[in-house]
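Asker: This is the structure, below, for whatever I ask next.
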Ligand SMILES: NC(=O)c1ccc[n+]([C@@H]2O[C@H](COP(=O)([O-])OP(=O)(O)OC[C@H]3O[C@@H](n4cnc5c(N)ncnc54)[C@H](O)[C@@H]3O)[C@@H](O)[C@H]2O)c1
């Protein structure tokens with residue numbers, strides 16, 4: 001007997017927390033969770049005005065939506081999320097907050113995408129309810145190899161000073177992006193068991209090129225290449241990622257933990273089997 005309780009059980013108790021909820025994918029994740037029956041949402045982002053705009057239609061449809069605005073790298077913001085959720089517990093955390101390489105320095109990319117993710121996961125650990133799940137946003141970029149010694153550094157727990165201790169060894173923001181998301185995937189593998197002992201799943205998702213503010217503007221050569229060689233020859237729609245995210249934190253995904261799900265329209269597979277090498281990513 002597997003001990004499996006059967007598909008389609010009730011949603012776990014607790015609120016559903018979405019970070020980056022004002023963003024392209026985070027806002028769609030919030031909408032999909034509400035549609036799937038999560039009655040209490042806690043939406044977080046640095047952009048208060050856009051958060052309010054995301055919350056409004058969800059509230060009109062009867063979902064209880066609380067918003068918290070702040071910077072995820074600020075420990076007091078994470079503390080606010082914890083105190084808003086702690087009485088009810090957390091049934092799902094979808095952590096999409098992040099920045100692209102062109103949006104900040106290498107230090108900022110590492111701090112937001114990796115250090116803040118590690119801090120958030122630890123902060124919510126005691127709040128996660130039985131059957132709940134944490135979904136972290138990684139990226140297909142993190143599947144494209146970097147220098148092996150840098151990969152090893154970022155796949156291990158960070159030293160007390162955080163990723164800043166390694167920043168000198170990271171050439172630029174693109175490498176920082178790839179390594180930060182590699183660190184996120186490694187965290188999921190490393191901690192799945194400790195969360196599992198408490199009945200909680202921990203999983204990551206690696207989107208390919210998705211149509212949000214992060215990929216707007218003219219496409220560069222590597223982006224065009226990735227789409228040309230892919231199985232689905234277009235950018236992903238944020239809703240396509242949100243649908244998978246809502247599934248991954250639902251009880252229907254009860255055997256998925258400690259792993260990364262690539263949702264990229266076949267872009268990585270296309271790179272692997274292309275007849276010519278992919279153009280270098282911009283620095
Ligand atoms: N768009 C893509 O092609 C793509 C591909 C792979 C991975 N991703 C990842 O998916 C996630 C969502 O990206 P998106 O495309 O929806 O981008 P987006 O910019 O639309 O959304 C990201 C959200 O995070 C918020 N945010 C950024 N820094 C923050 C901070 N310090 N504190 C709090 N909130 C902060 C932003 O305000 C924004 O609303 C990111 O982690 C990104 O790295 C995106």
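Asker: 222 nm [θ] for the chain, helices only, -39500 (n - 2.57) per DSSP H run of 4+, per residue, to 500?
Answerer: Numbers: 10 runs with 108 residues, N = 283.
About -11500 deg cm²/dmol.
Asker: Enumerate the residues in segment 244-283 having an amide nitrogen under 12 Å from the point lying 7 Å beyond the Cα of residue 107 toward its Cβ.
Answerer: Label zone hits: none.
Asker: Would you work out the relative contact order for the chain, in percent, from Cα pairs under 8 angstrom that are 6 or more residues apart? Don't skip to the end; give the middle numbers.
Answerer: On the way: 553 pairs, mean separation 59.3, N = 283.
RCO, the chain: 21 percent.
Asker: Compute the Cα gyration tensor for segment 22-133, then decide on rounded, prolate or oblate, letting a ≥ b ≥ c be the square roots of its eigenvalues: rounded whenever a/c is under 1.5, prolate when a/b is larger than b/c in the other cases, and oblate in all that remain.
Answerer: Note, shape of segment 22-133 comes out oblate.
Asker: With 10 angstrom as the radius, rank 134, 112 by how many other C-beta atoms surround their C-beta, starting from the fewest. Spell out each step's value before the answer.
Answerer: Working: 134 28, 112 21.
Final ranking by Cβ density, sparse to dense: 112, 134.
Asker: Just the Cα atoms of segment 124-239, one point each, no solvent: what log10 I(q)/I(0) does Debye give at q = 0.16 Å⁻¹?
Answerer: Ignoring solvent entirely, the Cα scatterers give -0.90.
Asker: How much length is gained on full extension from residue 280 to residue 224, taking 0.36 nm per residue of separation minus their Cα-Cα distance?
Answerer: Numbers: separation 56, 0.36 × 56 = 20.16 nm, distance 1.18 nm.
My answer for the length gained is 19.0 nm.
Asker: Translational diffusion coefficient, Stokes-Einstein: compute it for the chain using the Kirkwood radius over C-alpha pairs as Rh, at 20 °C and 1.002 mPa s, and state it as an integer in µm² s⁻¹. If you can, show how the numbers build up before the last one.
Answerer: Details: Rh = 19.1 Å.
Translational diffusion coefficient: 112 µm²/s.
Asker: Quick one, what does Rg over Rh come out to for segment 1-87 if you take C-alpha atoms and the Kirkwood Rh? All intermediate terms of the calculation are to be shown ahead of the outcome.
Answerer: On the way: Rg = 14.4 Å, Rh = 13.7 Å.
We get a ratio of 1.05 for segment 1-87.
Asker: Using a basic spin-label model with each label point 7 Å from the Cα along Cα→Cβ, how many nm lie between residue 71 and residue 53?
Answerer: 2.3
Asker: Would you please classify the overall shape of segment 225-275 from the alpha carbon gyration tensor, given that a ≥ b ≥ c denote the square roots of the eigenvalues, rounded means a/c under 1.5, and beyond that prolate means a/b larger than b/c while oblate covers the rest?
Answerer: Details: a/c = 4.41, a/b = 1.89, b/c = 2.34.
Note, shape of segment 225-275 comes out oblate.
Asker: Measuring from a point 7 Å past the Cα of residue 193 along Cα-to-C-beta, which residues in segment 243-260 have an amide N at less than 17 Å?
Answerer: Correct set: 257-259.
Asker: Hey, another quick one. Can you pull the one-decimal nm distance between simple spin-label points at residue 234 and residue 82, each 7 Å off the Cα toward Cβ?
Answerer: Each label point lies 7 Å from its Cα, and together they span 4.4 nm.
No value in this document is a laboratory result; all are computed from the given coordinates. None of the values given here were measured: they were computed from a predicted structure. Note that each Cβ is placed from the backbone with ideal geometry, even for glycine, and that neighbours are counted across all protein chains shown.
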